[in-house]
Amino acid sequence: MRAYWILPNRDQRDDILASDGEKIVPLRQLIDPRLRPEGFSHGVPSELLEKCGPKQLDRILFAQSFPDWRDHQRLFSVLTPAGVDSSGRVVHLGVVFILEPHERPSFDLSCAGLPQADQAYAHALLRRLASPQPEDSWAHSVLELIELPAGRGSATNVQLQRAVVPFNFLYALGPNGLIKSNAPWRKLRSRSVIVVMVLAALGVWLCERACHHIPRASVSIGAVTWRFT
């Protein structure tokens, strides 16, 4: 497992900075932009910020999962708002994991190498995910996303209606918080129904063909001919 912190862009740099817990370098040096999966985000999407509003910003946790990213590795990220910059623009802090098959994200990470302004947000993020409170639905949604089978494809913990690519998702954002969704399973159920219908139609067709090809035997008794099937 490799884990990198994505640091808030408080100075509006052209480069997004990241850290392995010790040194700080541009994120592009750790994950080549050309290799990032389509739809990968290094910040909380604006539609979630708009829907939650200023009072709920500190509760948001946005997670993405890209199974079988490259060489069967999985890319998993979690992001959260981390205050605002000097212009009042929301900035974000997160952690991205590069996982080998059967590896899981670990939230026992070091924050010592992060800038002082970011350490409190990093500690809060790790604490919420390592020991989630019962009422913290955002943290639980992230942990559920970790367990989502790879066969579900690229997924997010919360629905994005303005995503550049389609994602499966576990929850939708309602007026009173997160709402459990069955969306990741609907496609599977729909496909199962279609398969069953096709197999049933095929069975009927094969039965009819078999009936038409059964040879008919006939027995003549006098002037009367009896036919048997």
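Throughout, read-outs are computed from the coordinates displayed, never taken from laboratory work. The model shown is predicted, which means the values in this text are computed figures rather than measured ones. All Cβ positions, glycine included, derive from the backbone under ideal geometry; neighbour counts span all protein chains shown.
Taking θ as phi - 60° and the Karplus parameters 6.51, -1.76 and 1.60, the scalar couplings of the stretch 17-34 work out to 8, 9, 9, 8, x, 10, 10, 10, 9, x, 4, 5, 6, 9, 10, 4, x, 5 Hz in sequence order, x denoting glycine and proline.
This ranking places Val158, Val25, Val44 by how few other beta-carbon atoms lie within 10 Å of each, fewest first, which gives Val25, Val44, Val158. The modelled label-to-label distance between Asp15 and Glu100, using points 7 Å beyond Cα along the C-beta direction, is 2.9 nm. Charged neighbours of Gly43, selected by a Cβ distance under 13 Å, balance to 0 (K, R count +1; D, E count -1). With all pairs of different C-alpha atoms in the average, the Kirkwood value for the hydrodynamic radius of the stretch 2-181 is 16.5 Å. Summing charges over all other residues whose Cβ lies under 9 Å from the Cβ of Asp136, with Lys and Arg as +1 and Asp and Glu as -1, gives +1. Extending 7 Å from the Cα toward the beta-carbon at both Ala112 and Asp85 defines two label points whose distance is 3.0 nm. Of Asp11, Asp118, Asp58, the sequence from fewest to most neighbouring Cβ atoms within 10 angstrom is Asp11, Asp58, Asp118.
In this simple spin-label approximation, Gln161 and Asn176 carry label points 7 Å from Cα along the Cα→Cβ vector, and these lie 2.0 nm apart.
Neighbour counts of C-beta atoms inside 10 Å place Lys51, Lys23 in the sequence Lys23, Lys51, starting with the fewest.
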